[in-house]
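Worksheet: one structure, shown below.
Since every read-out is calculated from the coordinates, none of them should be taken as a lab result. Here the structure is a predicted model, which means the values were calculated and not measured. Reconstructed Cβ throughout: ideal geometry from the backbone, glycine too, with neighbour counts over all protein chains shown.
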Amino acid sequence: MPALSFPEARHVVLSQVRAQHPAPPTEEVELCAAAGRVLAQDVAADRDSPAVARSVRDGYAVRAADLPGELRVIGEVRAGERFAGEVGPGEAVEIMTGAPIPGGADAVIMVEHTRREGDRVHYGNSAEPSQFINPQGCEAAAGEVVLPTGKRLDYTDIAMLAAFGRTRVAAFRKPVAAIVATGDEIVEVGRRPEDFQIRNSNAHSLAAQVARAGGVPRVLPVARDTVDHTRAAIAQGIEADLLLLSGGVSAGKYDVVEEVLAGLGAEFFFDRVLIQPGQPLVFGRAAGKFFFGLPGNPSSTMVTFEIFARAALELLGGQQEVTLHMPFARLTREFRHRPGLTRFLPARLSADGAELTPVDWHGSADIPALTRANAFLVTDPERAEYPAGEWIRVLPK
Ligand code: AMP
Ligand code: MG
């Protein structure tokens, strides 16, 4: 199978999962628990927004044609009430931000630009009709769909649900991701490892990443590097919505994951991607379920989840739009790499998000370096050298 570039592999993941995933079941969730969930219904505005024309400034509601000039103040209207009368020619009503525009008025003038004496207010400029007024329904009309099915609800969406009176919404059930770490050298975290053994950190970092991506992690026991043991683990894991395997996908004698998957009739979409870490990376489908065979080095597992598996999990959870945020920042020092691979290397993004400094590390197993980083710098595979001050992509952690 040919090795794919990073964008090609990402495209394959997105298009395969979009093409053939079942619609997830739905459930009702309370508004207070809805953030981060994926909407399973279109939500419509229950009234115009705003429901009446409102002032966006503190000042006076006026008739624009009267200005410049002096007006008689006939009353006041605050947010949360309605002015009973009408603004006639030569008249003004003192108005607060958010208050409904009284009948007869067609503009608002800012209090800062007026001079008040008793019940008279003076304004030296002309006014545009409709200035500082938000017309009724200008943001959304009653009945209009304001949140579509498949949207992952962020805090702005929560505000909108609240504003339109939704105390509960239908959400897609969270997809379950089974996590199977493989390796004869891997021991469970609660056990004391021999010095030639390694604790199973990948299952736990993956569980944290799955939960953050809106899924439910199901961590299964570590699979030994034998065909039989790995087959049993995969058979159990494939019952979940998504199967994540760590380790056992390189070319070593005991890397049996691909062989076992092939034996189960799996379809493979790719098994190598031109990235570092994470070159041997398997993505496919077996028994109607998608799986990823993620390389076992901790940074490989973490990075390949973030750049590929997360998108698959999001789509399986009913999310429509999936994106990978990779903004640019300026390198604080020169950086070189051997071109050919898209590399994801630990780095620190400055407090203002503008500058990026690579973190020294000892390769893909260096968890302490990964924790010191707050981001990954992302290299362009075509480009070998970046002088200090150059823009480079960042994958925030
Ligand atoms: P593999 O991809 O199976 O060749 O694993 C590569 C390396 O990743 C192993 O030598 C381990 O050092 C490390 N590794 C594999 N699985 C895990 C795991 N579950 N937790 C932590 N490190 C792992
Ligand atoms: Mg292994």
* To do: State the number of lysine pairs found in the chain whose Cα atoms come within less than 26 Å, restricting to pairs 8 or more positions apart or on distinct chains.
  => 5
* Asked: On a 0 to 90 degree scale, rounded to 10, what angle separates helix 6-19 from the longest Cα axis of the chain?
  -> 80 degrees
* Structure fact -> The answer for trypsin sites (Lys or Arg not before Pro) in region 90-157 that fall in a DSSP coil and have at most 15 neighbouring Cβ atoms within 10 Å is none
* What ranking, highest mean first, results for peptides 275-288, 16-29 when packing means the other Cβ atoms within 10 Å averaged over each residue? -> 275-288, 16-29
* Asked: Any idea which of His229, Asn374, Ala105 is furthest toward the positive side of the dipole for the chain, if Lys and Arg beta-carbons carry +1 and Asp and Glu beta-carbons -1?
  -> His229
* Nearest-20 debye value, the chain charge dipole, Cβ charges on Lys, Arg, Asp, Glu -> 780 debye
* Structure fact -> A correct Karplus calculation of ³J(HN,Hα) over region 325-334, with 6.51 cos²θ - 1.76 cosθ + 1.60, θ = phi - 60°, whole Hz and x for Gly and Pro, returns 7, 9, x, 9, 9, 8, 5, 7, 8, 4
* To do: Would you kindly compute the Cα radius of gyration of region 328-397 and its largest Cα-Cα separation (Dmax), both in Å?
  => 11.2, 31
* Sequence-distant residues sharing a close amide H with Gly103 (under 5 Å, placed H) -> Val87
* Of the options Gly248, Thr114, Leu31, report the single residue whose Cα projects farthest towards the positive end of the charge dipole of the chain (beta-carbon charges: Lys, Arg +1; Asp, Glu -1). => Gly248
* Point-to-point label distance, Met96-Trp391, nm (Cα→Cβ direction, 7 Å offset) -> 4.6 nm
* To the nearest Å, what is the center-to-center distance of region 277-319 and region 11-30, using C-alpha atoms only? -> 15 Å
* Structure fact -> What the Cα atoms of region 3-121 span along the principal axes, largest first and in whole Å, is 78, 36, 22
* Can you give the Kirkwood hydrodynamic radius of region 101-255 from its Cα pairs, in Å with one decimal? -> 21.8 Å
* To do: Could you estimate the translational diffusion coefficient of region 94-174 from the Stokes-Einstein equation, with Rh from the Kirkwood formula over C-alpha pairs, at 10 °C and 1.306 mPa s, in whole µm²/s?
  => 96 µm²/s
* Asked: When the scattering of the chain is computed by the Debye formula from its Cα atoms alone, each counted once and equally, what is log10 I(q)/I(0) at q = 0.06, 0.07, 0.10, 0.14 Å⁻¹?
  -> -0.40, -0.50, -0.78, -1.14
* To do: Round to a whole angstrom and tell me the spacing of the C-alpha centers of region 49-94 and region 170-241.
  => 65 Å
* Structure fact -> Log entry: pair-distance distribution for region 256-397, C-alpha pairs binned every 10 Å from zero, whole % per bin is 12, 36, 33, 15, 4, 0
